[in-house]
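**Student:** Input: one structure, supplied below.
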Amino acid sequence: MGYDNKRKAVNRREFIRVTGGGVVAGSLAGCLRIGGPGGGDEGGLTIGFYGPFSGPASNIGEQKRMAAELSRDLLNEADGVHGEDVELRFGDSESAPAAGRNEVNRLIQEENVDVVGGGFHSDVALATLEVTSQHETPQIIDEAVSSEIVEKINADELWNAFKTAPPSEAYAVGWRQLITQFQEREIGYFPYEDRTIALVGEDTSYGLSIMDLMEAELDEIGWEVVSQDEVSLDETEFTSLLARIEEDDPDVVWAVQTSSTGAGNLASQFADTGFEETHLFHNYGLTIDEARESAGESADGAVTLLNAGRVDSLLEEQGALDAWTERYDADMTGSAALSYQNVKVIAEIAGSFDDLDAFRSAGVDEWRRAVIEHEPIPGGTGHIDFQENHQAAWGSTETQPAIGYQVLGGELSFVWPFEIASDEVDESVY
């Protein structure tokens, strides 16, 4: 199945035999022209980091910038890469594919960056692939979800590029795992005898694709989907829909939304509908501060999930969480954890070459092997272990797990996976 990518389809020795004896076929047949036309062959490792630093997602972009700068500074305090400082050059994607493409081109052509990192929106990341492949510049995308990115990398043999964040499938797999373990441990109103669930999906490609994936995962563990409903992105009134769902008496109501207003209203209206011993599970939307604020106490007890989120135990081991707290008057979000990780991973892989000159003069086969062969790197959302398909492994606590939170008093309590959770589920709210 799609989530089982931690199993190597081809073992690494075989992979080296196939690709290492000669030049890799495809559009990147030559050496990586790291650093753009100017070569970028002096000074420290220069990373071009792009993200939505203005526009509708600028609040996320700011967290990403803060995390990238923190990661750079921690690396430089530890002697950088091969004794040289890591440097960052930022590009603003403005949440638009054209702007992202132009900024990545500028970073390569004018800023002479050695490697490109960052990324948030999937359509922007797809657009940047064209630029980095044209200039044969190494790229590691940190947060974009769409599986189309990995499909494009492999279909077009864009071997310069890798993707870190788990795909949409990770959400559905995470919910399957969480529901199974809640049932086994009798959390809250679990266990359920009937095992029935109602699905509500935002009518975006993101929402509907995850809802479709949920049906297959739930079927695998014997849960019956009693209803599926689509709601518009800007919908705020769910009273009649929830009343109809309540008539089916499902054990769980599950929803996927990206709108903070929609997610907050759905949670508050769920609490007013009259469900008894029914859990509200929400994909992504209730991880947004504004959604929880608008829902208020109505959201208490709801469980929400990210396909990858910050893993405090790992961040604490690396000193990153303390450093963040000392520097910034804000919580580290999942986006920040991914961006901290992105800069760290790029630096560690560049450091695996004999020196920076060897990294900059590497052929595409050397770069590709260095990334895939590298031992798992502890990051902010798990251990990063790139596979032959250029996607980092996911789906377990040994790789990148989905992260489940219980909403309590407007805050997120990290409660699942149980092995790495910071808190226990508060069952007093059920």
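**Student:** Output the residues belonging to the stretch 263-299 that are crowded, with 21+ Cβ neighbours inside 10 Å and in contact with a Leu (Cβ under 7 Å, 6 or more places away or on another chain).
**Tutor:** Ala263, Ala267, Phe270, Asn283, Tyr284, Thr287, Arg292, Ala299
**Student:** Name the residues in the stretch 125-144 that are touching a residue at least 60 places away in the same chain (Cβ under 8 Å), assigned to a helix (DSSP H, G or I) and crowded, with 24+ Cβ neighbours inside 10 Å, would you?
**Tutor:** Selection gives Thr128 alone.
**Student:** Which helices (runs of 4 or more DSSP H) does the stretch 1-113 wholly contain that include 3 or more residues that are farther than 28 Å from Gln318 by Cα and modelled with pLDDT under 95?
**Tutor:** 12-20
**Student:** I'm checking my understanding of the structure. Among residues of the stretch 232-250 that are of a type outside the set (A, V, I, L, M) and touching a helix residue (DSSP H, G or I) at 6+ places or on another chain (Cβ under 8 Å), which one is surrounded by the most Cβ atoms within 10 Å (Cβ to Cβ)?
**Tutor:** Top of the filtered list is Phe238.
**Student:** Let me ask another. Does the stretch 117-127 contain any residue that is over 20 Å from the mean Cα position of the chain (by Cα), of a type in the set (Gly, Ala, Ser) and either over 22 Å from Thr204 (Cβ atoms) or at pLDDT 95 or above (or both)?
**Tutor:** So far as the stretch 117-127 goes, no, none of its residues is over 20 Å from the mean Cα position of the chain (by Cα), of a type in the set (Gly, Ala, Ser) and either over 22 Å from Thr204 (Cβ atoms) or at pLDDT 95 or above (or both).
**Student:** Val225 fails exactly one of the following numbered conditions: (1) assigned to a loop (DSSP other than H, G, I, E, B); (2) surrounded by fewer than 20 Cβ atoms within 10 Å (Cβ to Cβ). What is the number of that condition?
**Tutor:** (1)
**Student:** Tell me, which residue of the stretch 199-222 that is free of Cβ contacts under 8 Å to residues at least 40 places away in the same chain and either in a helix (DSSP H, G or I) or surrounded by 15 or more Cβ atoms within 10 Å (Cβ to Cβ) (or both) is farthest from the chain's Cα centre (by Cα)?
**Tutor:** Once the filter is applied, the top-ranked residue is Asp219.
**Student:** What number of residues in the stretch 111-124 are surrounded by fewer than 24 Cβ atoms within 10 Å (Cβ to Cβ) and either in contact (Cβ under 8 Å) with a residue 60 or more places away in the chain or among the polar types (S, T, N, Q) (or both)?
**Tutor:** Total meeting the criteria: 4.
**Student:** In the stretch 308-394, which helices (runs of 4 or more DSSP H) lie fully inside it and hold 3 or more residues that are charged (D, E, K, R), crowded, with 24+ Cβ neighbours inside 10 Å and touching a Pro at 6+ places or on another chain (Cβ under 8 Å)?
**Tutor:** none
**Student:** Here's another thing I want to ask about it. Which of the following residues is charged (D, E, K, R) and without any contact (Cβ under 8 Å) to a residue 40 or more places away in the chain: Asp79, Asp85?
**Tutor:** Selected residue: Asp79, the only one of Asp79, Asp85 that is charged (D, E, K, R) and without any contact (Cβ under 8 Å) to a residue 40 or more places away in the chain.
**Student:** Another question, then. Kindly indicate the residue of the stretch 236-271 that is outside any helix (DSSP H, G or I) and modelled with pLDDT under 95 and also nearest to Met214 (Cα to Cα) among those meeting that condition.
**Tutor:** Result: Gln257.
**Student:** Look at Val253 and say whether it is among the β-branched types (Val, Ile, Thr), out of contact with any Lys or Arg (no Cβ under 9 Å at 6 or more places or on another chain) and surrounded by 21 or more Cβ atoms within 10 Å (Cβ to Cβ).
**Tutor:** Criteria met by Val253.
The values are calculated or read from the model by the stated rules, or taken from the named source; none is laboratory data. Keep in mind it's a predicted model, so treat the numbers as computed, not measured. A quick note on method: Cβ atoms are made from the backbone with ideal geometry, for glycine too, and the neighbour counts reach across all protein chains shown.
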